[in-house]
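For reference, the structure discussed in these notes is given below.
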Amino acid sequence: MTTLVRSTPPADRNASHPSHPSHPSHPRPRGRGARLVDRMRMAGRVLMLVLLGTPVPAEDHLGLLETVHRHHTLATTISENGDLNPYAVFVAPVSAGKIQAGDVLIDNFNNISNLQGTGQTIVIYSPVSHKTILFARLPSKLAGCPGGIGLTTALVMLKSGYVIVGSAPSTDGTTNTLGDGGLIVLDPQGAVVAIWTGPQISDPWGNIACDDRGTTATIFVSMAGFKLDGPQVKDPATGLPVVRANATVLRLSLNTPSGATPTIAAQAVVADGFGHRADKDTFLVGPTGLALGNDGTLYISDGVANRIAAVSDALTRSASAGLGRTVTSGQLLRRPLAMVITPQGHLLVVNGKNGQVVEIDPAAGKQLYAQWIDTNQAQSPPGNGDLFGLAMRPDGKGFYYVQDDTNLLMECAR
């Protein structure tokens, strides 16, 4: 059975590797010493699960991370103009224009000079051809988008074939020159057809949660730019950039007719008061991961408070839920970022402060376990600052993620 939580990460950073040393692809003699090591590994895993308050599984699996063991390098995410630092990952639900159903869309937050908030490109990776092509390259300054272009984790493709992406732009790579940005709508060929801005839109930041019904859709986007300081403005008590409490989660109700540009029918703030602050290494810290449950509960990763929040009746509520209800906090979480829902109804969330992905049972409010998916020991802890975007594979048997340190699209699968 795969060891998921380890006190020390594995040193292996091969492009494709098993997450357990006794994987069937690596047969070895099973002597007395090897059997003793196996028993020690199992005992350690059982102890960790007990410490987390999680039942120890017998024959059945607790969740997705129990079933995925291998990590594969799929493609570089650096675009032809040199943009780098991949943020958003989204799997296409339909075929339209340049995009085929099942393709993986990735955007870049930095330009060739590695300045944050200046990336202009979205690329497409095909799991069929294993090739990457350019979907869109936006100009650094786009009329109607305040501050310019810096593409964020806010990315979604609608069933109508149109793509929506967020911009949190900067001209010097820090929040000192942060513009309000906006949500940019592209047609299936990658051409800009609309830009959404307004008083409730300020630096769309986190991965978009979407309920797409075909001719109408509802999307949720975190807004992390309101009244944000530069990284040099420090809290004397912590020595870190000052934390503000102005970040929100905005619900946009859309009309999405086939073959036509989507339009906003209504908008409402469903959560507010989240902490956000500047960061010289990661640009900013704020609510990032959004995932919508089948019962209409919206889950939010609150990076500043190191917790997962829940907002009930997110599709229909008329008033903000404020900070929502805390599902879980601390423990395995290390600044939670992008988040998705698994077929079991669990949450997968990547950590910003180490190279782990964490699986959570939101119904029980329990963190089940974590798995190392980036073990780059050039950072401390390993993988610190390397993870960001995350998306489930269409078959539900694995997930895609990006490694910022190597500018790679990765896959974790069985």
Is there any pair linking a residue in the stretch 113-137 that is free of Cβ contacts under 8 Å to residues at least 12 places away in the same chain to one that is outside any loop (DSSP other than H, G, I, E, B) and among the polar types (S, T, N, Q), with Cβ under 6 Å and at least six apart or on different chains, and which?
none
Do any residues in the stretch 230-249 that are under 26 Å from Ala314 (Cα atoms) have Cβ atoms under 7 Å from those of residues that are of a type in the set (A, V, I, L, M) and exposed (fewer than 14 other Cβ atoms within 10 Å of the Cβ), where the two are at least six apart or on different chains, and which pairs are they?
none
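Kindly indicate whether any position in the stretch 370-385 is among the aliphatic types (A, V, I, L, M), in contact (Cβ under 8 Å) with a residue 24 or more places away in the chain and not in a strand (DSSP E or B). Working first, answer last.
Taking the stretch 370-385 as the starting set, the residues that turn out to be among the aliphatic types (A, V, I, L, M) are 370, 373, 378.
Still in the list and also in contact (Cβ under 8 Å) with a residue 24 or more places away in the chain: 370, 373, 378.
With the extra rule that they be not in a strand (DSSP E or B), the set shrinks to 373, 378.
Checked against the condition, which is being among the aliphatic types (A, V, I, L, M), in contact (Cβ under 8 Å) with a residue 24 or more places away in the chain and not in a strand (DSSP E or B), the stretch 370-385 yields at least one hit.
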Where Thr177 falls short, out of the listed (1) more than 23 Å from Leu298 (Cα to Cα); (2) touching a Pro at 6+ places or on another chain (Cβ under 6 Å); (3) of a type in the set (S, T, N, Q)
(2)
Which numbered condition trips up Lys227, out of (1) in contact (Cβ under 8 Å) with a residue 60 or more places away in the chain; (2) over 17 Å from Leu337 (Cα atoms)?
(1)
Let me confirm something: among Arg414, Arg307, which residue is more than 30 Å from Ser95 (Cα to Cα) and either among the basic types (Lys, Arg) or free of Cβ contacts under 8 Å to residues at least 40 places away in the same chain (or both)?
Arg307
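Considering only residues that are under 26 Å from Thr118 (Cα atoms), assigned to a loop (DSSP other than H, G, I, E, B) and not polar (S, T, N, Q), which ones fall in the stretch 68-96? Spell out the reasoning first.
Going through the stretch 68-96, the residues under 26 Å from Thr118 (Cα atoms) turn out to be 73-92.
Still in the list and also assigned to a loop (DSSP other than H, G, I, E, B): 77-83, 92.
Selection gives Ile78, Glu80, Gly82, Asp83, Ala92.
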Would you mind stating whether Gly286 is in contact with a strand residue (DSSP E or B) (Cβ under 8 Å, 6 or more places away or on another chain), of a type outside the set (Asp, Glu) and within 22 Å of Gly166 (Cα to Cα)?
yes
Hey, can you tell me all the residues within the stretch 349-369 that are over 29 Å from Gly102 (Cα atoms) and part of a strand (DSSP E or B)?
Lys366, Gln367
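So if I check each of Leu105, Leu49, which one is surrounded by 20 or more Cβ atoms within 10 Å (Cβ to Cβ) and either at pLDDT below 95 or not in a loop (DSSP other than H, G, I, E, B) (or both)?
On the way: Leu49 fails: surrounded by 20 or more Cβ atoms within 10 Å (Cβ to Cβ).
Going through Leu105, Leu49 in turn, just one is surrounded by 20 or more Cβ atoms within 10 Å (Cβ to Cβ) and either at pLDDT below 95 or not in a loop (DSSP other than H, G, I, E, B) (or both): Leu105.
Here's the yes/no breakdown for (1) of a type in the set (Asp, Glu); (2) surrounded by fewer than 17 Cβ atoms within 10 Å (Cβ to Cβ); (3) touching a His at 6+ places or on another chain (Cβ under 6 Å):
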residue	(1), (2), (3)
Ser129	no, yes, no
Leu138	no, no, no
Gly144	no, yes, no
Ala168	no, no, no
Asn176	no, yes, no
Asp180	yes, no, no
Can you run down the residue pairs with Cβ atoms below 6 Å, 6 or more apart or on separate chains, where the first is in the stretch 271-284 and over 20 Å from Thr174 (Cα atoms) and of a type outside the set (A, V, I, L, M, F, W, C) and the partner is surrounded by 20 or more Cβ atoms within 10 Å (Cβ to Cβ) and modelled with pLDDT of 95 or more?
Asp272/Thr248
Looking at (1) assigned to a strand (DSSP E or B); (2) surrounded by 19 or more Cβ atoms within 10 Å (Cβ to Cβ); (3) not polar (S, T, N, Q), can you tell me which one Gly119 breaks?
(1)
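For residues that are of a type in the set (D, E, K, R) and in contact with a Lys or Arg (Cβ under 9 Å, 6 or more places away or on another chain), tally how many sit in the stretch 265-302. Even if it seems obvious, please write down each step before you answer.
Pass one, the stretch 265-302, residues of a type in the set (D, E, K, R): 272, 277, 279-281, 295, 302.
Pick out the ones that are also in contact with a Lys or Arg (Cβ under 9 Å, 6 or more places away or on another chain) and you get 277.
Count: 1.
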Residue under question is Asn255, and the condition is that it be under 27 Å from Ile341 (Cβ atoms), under 24 Å from the mean Cα position of the chain (by Cα) and in contact (Cβ under 8 Å) with a residue 24 or more places away in the chain; does it hold?
no
I'm told Val156 meets every condition in (1) surrounded by fewer than 18 Cβ atoms within 10 Å (Cβ to Cβ); (2) in a strand (DSSP E or B) except one. Can you identify the failing condition by its number?
(1)
Looking only at the stretch 304-320, filter to residues that are among the β-branched types (Val, Ile, Thr) and under 17 Å from Gly365 (Cα atoms); which one of those is farthest from the chain's Cα centre (by Cα)?
Val311
In the stretch 209-218, residues that are among the hydrophobic types (A, V, I, L, M, F, W, C) and surrounded by fewer than 24 Cβ atoms within 10 Å (Cβ to Cβ) total 2
Suppose we filter the stretch 285-303 for residues that are under 12 Å from the mean Cα position of the chain (by Cα), closer than 19 Å to Leu240 by Cα and among the aliphatic types (A, V, I, L, M); how many remain?
0
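Hey, can you tell me all the residues within the stretch 386-399 that are within 21 Å of Ile308 (Cβ to Cβ) and either part of a loop (DSSP other than H, G, I, E, B) or in contact (Cβ under 8 Å) with a residue 60 or more places away in the chain (or both)?
Narrowing the stretch 386-399 to residues within 21 Å of Ile308 (Cβ to Cβ): 386-392, 396, 399.
If the condition is that a residue be within 21 Å of Ile308 (Cβ to Cβ) and either part of a loop (DSSP other than H, G, I, E, B) or in contact (Cβ under 8 Å) with a residue 60 or more places away in the chain (or both), then Asp386, Phe388, Gly389, Leu390, Ala391, Met392, Gly396, Phe399 are the ones that fit.
The values are calculated or read from the model by the stated rules, or taken from the named source; none is laboratory data. All values reported here derive from a predicted model rather than from experimental measurement. All Cβ positions, glycine included, derive from the backbone under ideal geometry; neighbour counts span all protein chains shown.
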